[in-house]
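Encoded as structure tokens, the structure appears first; notes follow it.
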Amino acid sequence: MRITPCQAALAAAIALNLLLLLCSRLAPGASPPCRPRAAPGVPGVTVILRDFDGPEHDVAATARSFSSLPGVTVLVVAEVWPYPPVPLPAGVAVLSLRPQPQRPPPRPELAVLTRHVALVPDGARAAPGLLRRMRDALEAARDGGTRLVAAAVGQRRPRCLTLEVDVKAWTARYGQSDRHGEQSDRHSEQSDRHGEQQCGALDGAPAVLLLRTHDLFSLPFPLSRPVPASLSLQAAARGWRLLLLPDSFPLSPRPPPSPHRQWRAQNSLARHHRALLEQLGVKLELLADGSERWHGCTKDTPRCFGSVLAQTPEYLLAGRWTPPCCLRALRATARHVLAQLEAAGVRHWLEGGSLLGAARLGDIIPWDYDVDVGLYREDVPKCRWLAAVLATGRPVEDPQGFFWEKAAEGDFFRVHFSRSNRLHVDLWPFYARGGLMTKDSWLGHRQDVEFPESFLVPLGSVAFAGVVAKAPNDPRAFLEFKFGPGVIENPEYPNPAVRRLAQDV
């Protein structure tokens, strides 16, 4: 049966009315307002206002400026509605990201209908044609890696930095980027001649960031704050690059903030930054000036992972290695314990995976979660902290805050980084019997075997965790006796049946 044009128009009108009725029934007062949806990816740009704080924000004026541009939709996104209430221009929607029991979960990706989206900082003002130039620059990029385009807000140009996110190492590395050092291909050289720069991250001044909508919402945390840091870190983890244009948007003039308001703004930024890095699993930032910013565990906090089962810490199952804050704590604990044993005249040596790390790297194995040290059982009373544990049966905290105790799992000792942070060194008391070194507690690990005392007479030394540590006199032979031939050259996780190193390298 053929449908006439009149019948088709009538059917379309009925469908539209039904859709409007459904919207009004299902989502009265919803934000953004329920309206007939256009086809996904329509031309134009959606401006998202996300980074604003406190009652002194400029959201209304910023929204008014950008909503006046043709083809531009403005969306204000926040955990809750801006407070105190602000008079937003007609057509500007507010999307609350905080779930509420009486409403469907927030779906910001459903509120953006355009092919491109721009994240605009508070106080920016629209510049005729600049969003279009940013969009054209993004679409003209032929290298495939350029997924974001930026333009400054105000007279200051942001500093262009390189950025590498090492997911396995929980680390973000920033570097200085000049107009030539990071731009070797022909496209980058052409961009440089036009005043453009390829960057990994921006610093020092606000900027508008534009990208394709499907790229933004392919990120796990598309609207986390601070927006520039969030997008830069997630983009760097995917190998995306950012193109900084020479153009800039105006910045609304404001009176200088009071010291209290400035302090509040800095605290808010730092709070959001810490929350972002925790969300992304970044424990260490290596900054462009050579300084470090740590975000992981300390003496006053628990360690970053729970109990280790099947010799496989939980971070390995996520394809990551030991968090750098944990490695730092393990190194500090190992250096302290080795110094205490040496000063007390206790004969000791690196054991198991710790000696293996020393032989390979001069350091702790990047995925290890403790340090193992062997010692002569008869020398244990020479160390005042071990003697105190033996005498009282209770843990002892030394003046540096390290926590010495008898291990619950067997006849050995454990020294923790602190009472709160249970990163530790295990001390294994051995004794000689018939020319072999043996002990009373065996945990069933592959390397947990008796060995000839000749490996310890005399003791040798190796570099480990920044110090020279005592070790068996032939580390290679000792390790191959315990683990098997070629163990130094062929690294593997402690329990390959659970996870193999090849999965992460």
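When the residues of the range 136-170 are filtered to those that are of a type in the set (D, E, K, R) and in a strand (DSSP E or B), the one that is least open to solvent (accessible area, probe 1.4 Å) is Asp166. Any chance the range 302-316 includes a residue that's under 20 Å from Asn490 (Cα atoms), at pLDDT 95 or above and crowded, with 21+ Cβ neighbours inside 10 Å? Checked the range 302-316: at least one residue is under 20 Å from Asn490 (Cα atoms), at pLDDT 95 or above and crowded, with 21+ Cβ neighbours inside 10 Å. Contact map, the range 376-401: residues that are under 19 Å from Asn421 (Cβ atoms) paired with residues that are hydroxyl-bearing (Ser, Thr, Tyr) and open to solvent by less than 70 Å² (accessible area, probe 1.4 Å), Cβ distance under 8 Å, separation 6+ or inter-chain. Pairs shown: Gly401/Ser418. Only one entry of Arg103, Arg98, Arg132, Arg64 meets the criterion of being of a type in the set (Lys, Arg) and closer than 23 Å to His272 by Cβ, and that entry is Arg98. Looking across the range 380-397, the residues that are part of a helix (DSSP H, G or I) and of a type in the set (D, E, K, R) come down to Lys382, Arg384.
Applying the selection to the range 471-505, what residues are touching a helix residue (DSSP H, G or I) at 6+ places or on another chain (Cβ under 6 Å), free of Cβ contacts under 8 Å to residues at least 60 places away in the same chain and not in a loop (DSSP other than H, G, I, E, B)? Residues satisfying the conditions do not exist here. Once the range 51-101 is narrowed to residues that are of a type in the set (D, E, K, R) and loosely packed, with under 12 Cβ neighbours inside 10 Å, the residue that is farthest from Gly123 (Cα to Cα) is Arg98.
Scanning the range 259-286 for residues that are open to solvent by 50 Å² or more (accessible area, probe 1.4 Å) and of a type in the set (D, E, K, R) turns up Arg261, Arg264, Arg271, Arg274, Glu278. Each residue in the range 208-258 was checked for being assigned to a strand (DSSP E or B), within 17 Å of Asp51 (Cα to Cα) and open to solvent by 10 Å² or more (accessible area, probe 1.4 Å), and 1 pass.
Each row is one residue, and each column tells you yes or no for (1) assigned by the TED database to the domain that holds Ala359; (2) outside any loop (DSSP other than H, G, I, E, B); (3) of a type in the set (Asp, Glu); (4) surrounded by fewer than 18 Cβ atoms within 10 Å (Cβ to Cβ).
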| position | (1), (2), (3), (4) |
| --- | --- |
| Tyr369 | yes, no, no, no |
| Gly374 | yes, yes, no, no |
| Glu378 | yes, yes, yes, yes |
| Phe430 | yes, yes, no, no |
| Asp448 | yes, no, yes, yes |
| Ser454 | yes, yes, no, yes |
| Pro458 | yes, no, no, yes |
| Ala469 | yes, yes, no, no |
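The values are calculated or read from the model by the stated rules, or taken from the named source; none is laboratory data. Worth saying up front: this structure is predicted, and the values here are computed from it rather than measured. Cβ: placed from backbone, ideal geometry, glycine included. Neighbour counts: every protein chain shown. Remember, those area values only see protein heavy atoms, side chains included, never the ligands or the DNA or RNA. Shrake-Rupley method; radii C 1.70, N 1.55, O 1.52, S 1.80 Å.
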